[in-house]
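Quick notes on the structure that follows.
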Amino acid sequence: MKLSECCRKLGCRTTPQGALHRFAQALGIAALSLTAVLAITGASFAASVSTDKADYAPGETVIITGSGFSGSENVTVQVTHASGLLGGEGHNPWTVAAAGGSFTTTWVVPYDDNVGEVLLVTATGQLSGLVATTTFTDVNSNLIYTSVIPSCVPGGSSLTVTARLTQNCGGGPDAGLDGRPVLFFITEGNCGVDVGQTADATVMTSGGGYATATLGPLPSTSFGIRAKFLGEDKPNPCPNPGNSACDPTDPQDSKRCVAISASNVCQTVGICAACNPVVTCPSDKVLQCGASTDPANTGTAGCVVDASCTAVTTYTDAATAANCTGKAGIARTWKCTASDGSTATCVQNITFTDATAPVVTCPPDKALQCGESTDPANTGSATATDNCGGSPAISYTDAATPANCTGQAGIDRTWKATDGCGNSATCVQHITFTDATAPVVTCPADRGRRPTAVAILPPASSISPLPMSPRRS
């Protein structure tokens, strides 16, 4: 096109040189506008939004972080159902400031209609028009295997697996969901084929959400073991206690009664040749009381498997009836677990014996005053201990010893301690008598004497004869 024609189209009233200048200005403005558009379009690829986790339970706080927006602009944030489901709580948009092009905000997962849903976070710059999205899920149930599933098993064999179903309580520990059906599937080829299949076993959870199933016969080619929980609708009306394992008695219906999401877990298992484990127990062991029961002292089982297999040896102990030692024995079950999941067991018996006499300690020797009691309550009793524990039986016998100055025979008291296995030990306590008290003497009563009469006569020479009187006739 000629410049004059271009000028006519632009409505130029100046010289062609002036038209050229005006045309160049128009081109410059257009170029600047195009550059701005490209800059904005390029920036849209830099804007992003993310959450701190991929999955949340009802009531949990979602931390939302955005970056790459225009500096100092406001950003509109909204959480909606990715499926397009409308309604429900907490889905209205809100505004946050993107200082330096970045922001952090939060959203609490409502209890009403989000369980089992994929939720969409949309962040839109109000000045730049930049849009960033991300998704997260609201799955409030977890299903995991708690038993070890081998990497391979022999075709045609059986396999016992245990799964645990829990409810995500949002920040606290998960709570076991009891009384719920867990479906177990043997999936041919891989973990993806179980749609429309009939479960190979259905087990109700108990004891904290556990379900155990034995599956078999197993395929002859690689397969998957899948456990599945189909979910649970929110009870309506809501009973008390509710169906939530986290808040079964919460006063709020929305916490006490909840929808519980479906969940599943699967693990692929290969086919391998049978390992044919053989376990050999150490010999039974009789230990003295106090000896260590550790396998380093009592022996370890041996485990043999076929070539290309590996094995792990473990043991468990169970108490057996106590013997005369008073100590329970041990039935130690050794288990050899091969890499194909097959096992072999044997039992080693560990018992205790006692050939050691108890230790008896006599009370100190006793010197009694004559008349004091010789009963052990007054003279003391022996004590005893035994290496196997327990309380040995204590008895005593007395033997007389020669009397001392008191005239009373002493006592040699032999104390005897006997344990449950008949081992005994003795000690002797010496009991004697002493006398530090003077005797008590009693005198007879005083008695009086009657006086004796005595005649006193004069000497014979001084006595005159009496005169004789005449006899009368």
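Odds and ends about this structure:
- Identity of the residue in the range 352-370, aliphatic (A, V, I, L, M) and farther than 19 Å from A322 by Cα, that ends up surrounded by the fewest Cβ atoms within 10 Å (Cβ to Cβ): A367
- Annotation for the range 197-217: no member residue is over 20 Å from T146 (Cβ atoms) and of a type in the set (A, V, I, L, M).
- Strands (runs of 3 or more DSSP E) contained in the range 145-209 and holding at least 3 residues under 28 Å from V312 (Cα atoms) and under 33 Å from the mean Cα position of the chain (by Cα): 159-167, 181-188
Conditions (1) charged (D, E, K, R); (2) touching a Lys or Arg at 6+ places or on another chain (Cβ under 6 Å); (3) modelled with pLDDT of 95 or more, marked per residue:
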| residue | (1), (2), (3) |
| --- | --- |
| E372 | yes, no, no |
| A377 | no, no, yes |
| G407 | no, no, no |
| R413 | yes, no, yes |
| H430 | no, no, yes |
| A438 | no, no, no |
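- Restricting the range 101-110 to residues that are in contact with a strand residue (DSSP E or B) (Cβ under 9 Å, 6 or more places away or on another chain) and surrounded by fewer than 18 Cβ atoms within 10 Å (Cβ to Cβ), the residue that is farthest from V49 (Cα to Cα): V108
- Candidates N264, N276, N323: the one that is in contact (Cβ under 8 Å) with a residue 24 or more places away in the chain and on the phi > 0 side of the Ramachandran plot is N276.
- Any chance N349 is at pLDDT below 95 and surrounded by 13 or more Cβ atoms within 10 Å (Cβ to Cβ): no
- As a summary of the residue check, S339 satisfies the conditions (1) more than 28 Å from T385 (Cβ to Cβ); (2) loosely packed, with under 15 Cβ neighbours inside 10 Å except for the one numbered (2).
- Residue pairs meeting the criteria (Cβ under 6 Å; at least 6 apart or on separate chains; first closer than 18 Å to L368 by Cβ, in the range 392-418; second small (G, A, S) and buried (at least 16 other Cβ atoms within 10 Å of the Cβ)): T401/G410; W415/A382
- When we screen T345, T316, T385, T310 for residues that are of a type in the set (S, T, N, Q) and assigned by TED's automatic domain parsing to the domain that holds G407, the only hit is T385.
- Residue list for the range 169-208, restricted to those being modelled with pLDDT of 90 or more and within 29 Å of G270 (Cβ to Cβ): P181, V182, L183, F184, F185, I186, A199, D200, A201, T202, V203, T205
- Every test in (1) in contact with a strand residue (DSSP E or B) (Cβ under 8 Å, 6 or more places away or on another chain); (2) over 16 Å from T160 (Cβ atoms) is passed by K255 save one, and that test is (1).
- Single condition L218 does not satisfy, out of (1) without any contact (Cβ under 8 Å) to a residue 60 or more places away in the chain; (2) touching a Ser or Thr at 6+ places or on another chain (Cβ under 6 Å); (3) in a loop (DSSP other than H, G, I, E, B); (4) surrounded by 17 or more Cβ atoms within 10 Å (Cβ to Cβ): (1)
- Test result for S244, closer than 30 Å to G170 by Cβ, at pLDDT below 90 and not β-branched (V, I, T): no
- Leading residue by the ranking (nearest to the chain's Cα centre (by Cα)) among those in the range 111-144 that are in a loop (DSSP other than H, G, I, E, B) and surrounded by fewer than 17 Cβ atoms within 10 Å (Cβ to Cβ): G116
The values are calculated or read from the model by the stated rules, or taken from the named source; none is laboratory data. Just so it is clear, the structure is predicted and the values come from calculations on it, not from any experiment. Glycine gets a Cβ as well: all are built from the backbone with ideal geometry, and neighbour counts include every protein chain shown.
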